[in-house]
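The values are calculated or read from the model by the stated rules, or taken from the named source; none is laboratory data. Computed from a predicted model, the values in this text were never measured in an experiment. Every residue, glycine as well, gets a Cβ built from its backbone with ideal geometry; the counts of neighbours run over all protein chains shown. Areas reflect the complete protein model, heavy atoms only, side chains present, ligands, DNA and RNA absent. Shrake-Rupley method; radii C 1.70, N 1.55, O 1.52, S 1.80 Å.
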Amino acid sequence: MKKTLIPIALALALGAAVPALAQSKGDWTLGIGAHQVNPTSGNGSLAGGTLPLGIDSDVKPTITFEYFLRDNLGLEVLAALPFKHDIAVDGVGTVGSTKHLPPTVSLQYHFNRQGKVSPFLGAGLNYTTFFSEDTQGALAGTDLKLEDSWGLAAHAGLDIKVSERGAVRVDARWIDIDTDVKVDGADLGTANIDPLVYGVAYVLTF
């Protein structure tokens, strides 16, 4: 995560040196792009630590809405098409898959909002709902269920202005996603997904 955010951190330092110009209260933005949900390398283990988990990544279109509560301070909502992930157990192979939706609400501050390059930082709350669980391999024929998750989220990025109202955004999020795993109703443990979510979008200001 630290390596991913180094370029953003450097840009934030540069942006802080430029006098900030106010984003008007009441303005709002629409962002359309694509993001990759990249679960952490260690996703926890099941059955008392005997079954280490691995969850793969996925890319899907995303959309954001942000309303500016005051100058430079916005409230953003992130939505997306459902992400799909294969679930594997070390030494066993792929045992299932799931889809999820991770709507996230963040409060974020924009630096140098009217400049050519505008960095921002945010923090908020994520709700992830899992559905369409499927099983295969060692779990074929069983009923797999992943419980919904609530967790904190952090957000950082850059808006690069390309027109009077348009900007290209590159950003990264960290989201705390932990889900209880059940097979045929039996609680097997917790999967720690905790992904980095990074991507690009076109953002239009209204």
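Rolling a 1.4 angstrom probe over the protein heavy atoms, how many square angstrom per residue are accessible across the chain?
Values: 9950 Å² over 206 residues.
Counting only protein heavy atoms, the per-residue value for the chain is 48 Å².
Hand me the tally of lysine pairs in the range 65-190: alpha carbons under 17 angstrom apart, and the pair either on different chains or 8 or more positions apart.
6
Placing one identical point scatterer on every Cα of the chain and ignoring solvent, what is log10 I(q)/I(0) from the Debye formula at q = 0.17 Å⁻¹?
Normalising to I(0) and taking log10 leaves -1.05.
LEU30 label point, 7 Å along Cα→Cβ, cut-off 14 Å on backbone N: hits in the range 65-84?
It comes to 65-67, nothing else.
How much length would be gained if the chain were fully extended between ASP71 and SER57, taking 0.36 nm per residue of separation minus their Cα-Cα distance, in nm to one decimal?
Stretched out fully, the ASP71 to SER57 stretch lengthens by 1.4 nm.
Using protein chains only and a probe of 1.4 angstrom, how many square angstrom of LYS25 are accessible, to the nearest 10?
My reading of the accessible area for LYS25 is about 150 Å².
With charges set only on the Cβ (+1 for Lys and Arg, -1 for Asp and Glu), what does the dipole of the chain come to about its Cα centre, in debye to the nearest 20? It would help to have the intermediate numbers written out before the result.
Numbers: 15 positive and 22 negative charges, 217 e Å.
Dipole about the Cα centre, nearest 20: 1040 debye.
Taking the Cβ of GLY151 as the centre, find all other residues whose Cβ is under 10 Å away and add up their charges (Lys, Arg: +1; Asp, Glu: -1).
After counting each charged neighbour, the total is -3.
For VAL117 and GLU164 in the same chain, what is the full-extension length gain: residue separation times 0.36 nm, less their Cα-Cα distance, in nm?
Working: separation 47, 0.36 × 47 = 16.92 nm, distance 1.27 nm.
Roughly 15.7 nm would be gained on extension.
What does the charge count around TYR202 come to, taking other residues whose C-beta lies under 12 Å from its C-beta (Lys +1, Arg +1, Asp -1, Glu -1)?
The answer is +2.
Please turn the phi angles of the range 74-82 into ³J(HN,Hα) values with the Karplus equation 6.51 cos²θ - 1.76 cosθ + 1.60 (θ = phi - 60°), one per residue in order, whole Hz, x for glycine and proline.
x, 10, 10, 10, 9, 9, 7, 5, x
Less than 12 Å Cβ to Cβ from GLY189, Lys/Arg counted +1 and Asp/Glu -1: what total charge do the surrounding residues give?
Numbers: positive: LYS182; negative: GLU147, ASP178, ASP180, ASP187.
Taking every other residue near GLY189 into account, the sum is -3.
Looking at the square roots a ≥ b ≥ c of the eigenvalues of the Cα gyration tensor of the range 120-206, which shape do they give, rounded for a/c under 1.5, prolate if a/b is larger than b/c, or oblate?
prolate
How large is the Kirkwood hydrodynamic radius of the range 56-164, in angstrom, based on all distinct alpha carbon pairs?
16.3
Probe radius 1.4 Å, ligands and nucleic acids ignored: give me the carbon and sulfur share of the accessible area of the chain as a rounded percent. All intermediate terms of the calculation are to be shown ahead of the outcome.
Working: 6260 of 9950 Å².
Solvent-exposed carbon and sulfur of the chain make up 63 percent of the total.
Among the aspartates and glutamates, which have Cα under 16 Å from the Cα of LYS25 when same-chain residues fewer than 8 positions away are ignored?
GLU66, ASP71, GLU76
Taking just the C-alpha trace of the range 34-74, give me its Rg and Dmax in Å.
So, for the range 34-74, Rg and Dmax equal 17.8, 52 Å respectively.
Could you tell me which of LEU196, SER149, ILE177 has its Cα farthest along the dipole of the range 132-204 towards the positive end, charges placed at Cβ (Lys, Arg +1; Asp, Glu -1), taken about the Cα centre?
Value: LEU196.
Can you tell me the 0 to 90 degree angle between the C-alpha axis of helix 2-16 and the longest principal axis of the chain, rounded to 10?
10
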